[in-house]
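Read through the structure below, which is laid out as structure tokens, and then see the notes.
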Amino acid sequence: MGYVLDFREIDRTQVAVAGGKGANLGELSRIEGIRVPAGFCVTTDAFRRVVAEVPSLDDRLDRLSRLEAADRDSIRVLSAQIRRAVEECVIPDDVVSEIVRSLARLGEQAAYAVRSSATTEDLPTASFAGQQDTYLNVSGPAAILRHVSRCWASLFTERAVTYRLRNGFDQRKVHMAVVVQRMVFPWAAGILVTADPITSNRKVASVEAGFGLGESLVSGLVNPDVYKVRDGKVTDRTVATKQRAVQAAPAGGTHMQGIEQEQQNRSVLTDEQVVQLERLGRRIEAHFGSPQDIEWCLVDDGFRIVQSRPITTLFPVPVVDDGENRVYVSVGHQQMMTDPMKPLGISLWQLTSPAPTREAGGRLFVDVTQALASPVKRTGLLDALGKSDPLLGDALATIVERVDFIRWCPDDGAGGVPAGDAPALIEADEGIVAELMAQSQASVAMLKREIRAKSGAALLDFISADLKELRRILFDPRSHQVITAAMEAAWWLNDRLQAWLGEKNAADTLTQSVPRNVTSEMGLALVGVADAIRPHPDVVAFLQHVEDAGFEEGSFLDELAKRAGGPQARAAIEAYLDKHGMRCVGEIDITRPRWSERPTTLVPMLMSNLRNFGPGAGKRRFEHGRREARKKEHQLLERLRALPDGERKACEAKRMIDRVRAFSGYREYPKYGMVSRYFVYKQALLGEAERLVQARVLRRKEDIFYLRFDELREVVLTHRSCDQLIRERKAAFRSYQALTPPRVFTSDGEVVAGRYRREGVPPGALAGTPVSAGSIEGRARVVSDMAQADLEAGDILVTAYTDPSWTTVFVAIKGLVTEVGGLMTHGAVIAREYGLPAVVGVEGATRLIRDGQQIRVNGTDGYVEILPQRDV
């Protein structure tokens, strides 16, 4: 293979040779009925040969790879040095000869587009669009050779280097090909996207069009006409005022040119042309097998396609080949874990949950289509989900209103999410809760004893059988009855007390410091660990520098014990880990590192507790919450007795308060039991993985995280290596991390966003779901990583989501704002128990609220206000 390949010699498999853009153009040239301007590709072999002569390149690339993406100054200086060196390098004679011969074949003095085509560009998992350079209307061999060198050098622009650093691409493994393509001088040009860029609906195509070259649209220099197409019809049209267009300049390159007045408000394309273009797009999409972002030109005799790349920002749709319309609800938004999960974690959750779940983009979704199709089930589902998460409920209601989307079925139809009648309320009896918790604890203890003797396929079979025991405990009807009784009692109190007394969200105060809440106890217990550390200055000094110490995670507690007071501190931490060490951020994914595996994760919270609290603060806080709840109960009952028929009302309210106090704490225990069990499974599976590493079946024991449970069992049985599958899964997981999962979406790929439909939110305030009553002002701390949370007393935590592990942070804050969440999610439950005003489901909170801003959180009415900056 030489240094130059004609488009007709290239297909999509040759990214390593032609780069992403070149491979896609070669593949496009093979599609019947798609007209692609002729051209060729200067391959990555030519690039590698040239850069091999660049002085000190290896050393500079090493330095570049060690930089952080945020170190913009260093990236700017170093990338500029590399770029200059590459651009100044002499192209070898034999490479020049091949390029000149190809030009002669296509027309030596014709005009060409010279375009960068990196091996990480226009890929299914990363587009890198606009990261490297393109030059238009270049004529003559000397000019084209000069621009080929510029394209090679553009691999090291500051923006391209930064993009690679952020996306985890090795700077050494990225190479550059260059596309040289005959220019067309179109009357109009633009972009066709075969999925709606706003809603992600795969059945709606979007066309942007402008006069002249498409560069004006790609660069955002002019407003385009926009057309929407569905089922072969133009469904929407926006005609812009187009005052300018990019045209080819006579001396080469391009220039901006004014458009005559009478043309400025003319539609660029007719409906017939738009539909014709959409058909071409669907043909290209079908060939590539995924939605495409297509650049097109319109010349006298029809459309030319000059590029097509996969749309990497679309959230994938679950694969179901029955042709039916479907509706999916995010599991992660309910479980406070919207990050992608690894395959082992996904498969374990699917083996645990009774709901029909589908995987997409490394996340899990429940198919609620059949539940929505049944009038009775639909009512129950919308009511339950609407109470929990109004945005989710509103999105589903929006879909239901489209009478032609879901095929209705009789009420006896099976499937969907169970949404039947809740069990009858039971009287307050803490003995039921104690019995359920003891049953779970005894079962986990038995699991720990029995699993020790298992290995090989017998271990996988044992875990598979034990998952039935986990499901039995998780879905024990009595457990469901206790949780439902607490929820129904809280709703009853809020409804009745607002009607009778005008008291909003009264249950929020009544549920402070309820007994037997293992999650809230976890946060307060860490304050107790700080009490054990506080008397030992050497230990405190050691913990202050743990992040920079550089020792292995396993040696942390050993090093701690060497300090004066270290044995006592170690004992306190180990006692805490014995009860709570199976927890971590994103704990529903078994593959996530647990606190017992990385105890240093707790250090920032411990230091925060040392700064913000005095001795005994945890116990005092719990007692304060209990007193507040009792005081509120007394006040409410006295006010009720003063009403007409007050004794009856007070008696009914007292029964519901007792139920809330007796049962609310248990809400957190089933998940605690599940995560405890998962950690036992994980430790056993990693032991088996270590044996596979020793047998050279796996490279690293953590590679099992990229196998589904059944696939892992097959590897254990056969000892057959699956390196390629694991590499592919790792690459897919990296790409999933850049995606934002929707709450609700359809089989068309349409993301259906819900809205808050209520009055009373002040202008400019950010609306959300009120989950814990009260109003608080303070400094916003926008935190994405719990381990990096540097909180002070009085701060308001603003984050994307919180799961039970974040409870350790809650003790140091005065209020909570999250982007994801509902009335009964863990963060809401604990916020109420700690008495923290909280608003969840605030769309874009971490983007709209800046770290350090003063904000007001209204947890009673459900909104957040950004306050004016105060003069110091």
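The values are calculated or read from the model by the stated rules, or taken from the named source; none is laboratory data. What you see is a predicted model, and the numbers here were worked out from it, not measured in a lab. Note that each Cβ is placed from the backbone with ideal geometry, even for glycine, and that neighbours are counted across all protein chains shown. Side chains are part of the model used for accessible areas, which takes the heavy atoms of the whole protein and leaves out ligands, DNA and RNA. Shrake-Rupley method; radii C 1.70, N 1.55, O 1.52, S 1.80 Å.
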In the neighborhood of ALA572, defined by Cβ-to-Cβ distances under 14 Å, what is the net charge if each Lys or Arg adds +1 and each Asp or Glu adds -1? +1
Obtain the nm distance between the two label points defined at LEU221 and GLU647 by a simple spin-label model: each point lies 7 Å from its Cα along the Cα-to-C-beta direction. 8.6
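So which GluC sites (Glu not before Pro) in segment 496-588 are both in a DSSP loop and have at most 14 other Cβ atoms within 10 Å of their Cβ? Can you show the working numbers first?
Values: sites: GLU503, GLU521, GLU547, GLU552, GLU553, GLU559, GLU574, GLU587; in loops: GLU503, GLU552, GLU587.
When the GluC sites (Glu not before Pro) of segment 496-588 are filtered for loop state and at most 14 Cβ neighbours within 10 Å, GLU552 remain.
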Compute the distance from the alpha-carbon center of segment 188-237 to that of segment 619-694, in whole Å. 52
Note down the nm distance, to one decimal, between modelled labels 7 Å out along Cα→Cβ at HIS624 and at THR740. 3.6
Please work out the Cα center distance from segment 268-313 to segment 92-106, rounded to the nearest Å. 31
Between (1) 45; (2) 65; (3) 55, the structure-derived percent of Cα pairs over 37 Å apart is (3)
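Please tell me which of these pairs span more than 25 angstrom C-alpha to C-alpha: LYS632/LYS814; LYS454/LYS730; LYS504/LYS619; LYS173/LYS730; LYS342/LYS682? The partial results should precede the final answer.
Details: LYS632/LYS814 20 Å; LYS454/LYS730 29 Å; LYS504/LYS619 28 Å; LYS173/LYS730 17 Å; LYS342/LYS682 13 Å.
Exceeds cut-off: LYS454/LYS730; LYS504/LYS619.
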Cβ crowding within 10 Å averaged over residues, with 179-190, 727-738, 267-278, 285-296 ranked highest first: 179-190, 285-296, 267-278, 727-738
Normalise the Debye intensity by I(0) for segment 430-515, one equal point scatterer per Cα, no solvent, then take log10 at q = 0.12 Å⁻¹ and round to two decimals. -0.57
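Quote the FRET efficiency, to the nearest 0.05, computed for LEU717 versus ALA355 with a Förster distance R0 of 35 Å and r equal to the Cβ-Cβ distance.
On the way: r = 29 Å, r/R0 = 0.84.
With a Förster radius of 35 Å, E is 0.75.
If each DSSP helix of 4+ residues adds -39,500 (n - 2.57) and the sum is divided by the residues in the chain, what number results at 222 nm, nearest 500 deg cm²/dmol? If you can, show how the numbers build up before the last one.
On the way: 31 runs with 387 residues, N = 872.
Per the formula, -14000 deg cm²/dmol.
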For segment 724-872, count the residues as N, evaluate 2.2 N^0.38 Å, and divide the Cα radius of gyration by that value, please. 1.14
Tilt relative to the chain, helix 141-153 - C-alpha long axis, 0 to 90 degrees, to 10: 20
Ranked output for segments 326-338, 760-772, 692-704 by mean other Cβ atoms within 10 Å, highest leading, reads 326-338, 760-772, 692-704
For the chain, dividing by residue count, accessible area per residue (probe 1.4 Å) in Å² works out to 43
Whole percent per 5 Å bin, from 0 to the bin with the longest distance: what is P(r) over all C-alpha pairs of segment 201-262? 4, 17, 23, 18, 15, 11, 6, 4, 1
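Over the Cα atoms of segment 23-153, Rg to Rh with Kirkwood Rh, two decimal places?
Numbers: Rg = 16.5 Å, Rh = 16.6 Å.
Rg divided by Rh gives 1.00.
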With every protein chain in place, segment 16-77: carbon and sulfur % of accessible area (1.4 Å): 43
Using the Karplus curve 6.51 cos²θ - 1.76 cosθ + 1.60 with θ = phi - 60°, what ³J(HN,Hα) values do you get for each residue of segment 255-266, in whole Hz, with x for Gly and Pro? 8, 7, 10, x, 9, 4, 3, 5, 8, 4, 9, 7
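For segment 605-661, give the percent of accessible area contributed by carbon and sulfur heavy atoms, probe 1.4 Å, rounded to a whole number. Each step should come with its number before you reach the end.
Working: 1690 of 3180 Å².
Roughly 53 percent, rounded to a whole number.
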Between segment 343-412 and segment 731-749, how far is it from one alpha carbon centroid to the other, in angstrom? 17
Binned Cα-Cα distances of segment 59-105, short to long, each 5 Å bin given as a whole percent: 4, 17, 19, 14, 10, 10, 10, 10, 5, 1
Take the Cα atoms of segment 439-586, build their convex hull, and give its volume per residue in Å³. 191
Taking a quarter of the surface of the convex hull around the Cα atoms of segment 716-782, what do you get in nm²? 10.4
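Report, to two decimal places, the Cα Rg of segment 565-632 normalised by 2.2 N^0.38 Å (N = number of residues). Let's see the in-between values first.
Working: Rg = 15.3 Å, N = 68, 2.2 N^0.38 = 10.9 Å.
Relative to the 2.2 N^0.38 Å estimate, segment 565-632 comes out at 1.40.
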Spin-label pair LYS730/ALA143, simplified geometry with 7 Å Cα→Cβ offset, distance in nm: 4.6
Classify segment 169-276: rounded, prolate or oblate, from the alpha-carbon gyration tensor (a ≥ b ≥ c, eigenvalue square roots; a/c under 1.5 rounded; otherwise prolate if a/b is larger than b/c)? oblate
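Mind pulling the per residue volume of the convex hull built on the Cα atoms of segment 652-776? Å³ is fine.
On the way: hull volume 31.9 nm³, N = 125.
Per-residue hull volume (Cα only) is 256 Å³.
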Note, segment 648-659: 3J(HN,Hα) by Karplus (6.51, -1.76, 1.60, θ = phi - 60°), whole Hz, Gly/Pro = x, goes 5, 4, 5, 5, 5, 5, 4, 4, 6, 4, 4, 5
Using a cut-off of 13 Å between beta-carbons, work out the net charge of the residues near MET786 (Lys and Arg +1, Asp and Glu -1, MET786 not included). -1
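Structure shown: which of LYS579/LYS671; LYS21/LYS233; LYS448/LYS701 lie over 25 Å apart, alpha-carbon to alpha-carbon?
Beyond 25 Å between Cα atoms: LYS21/LYS233.
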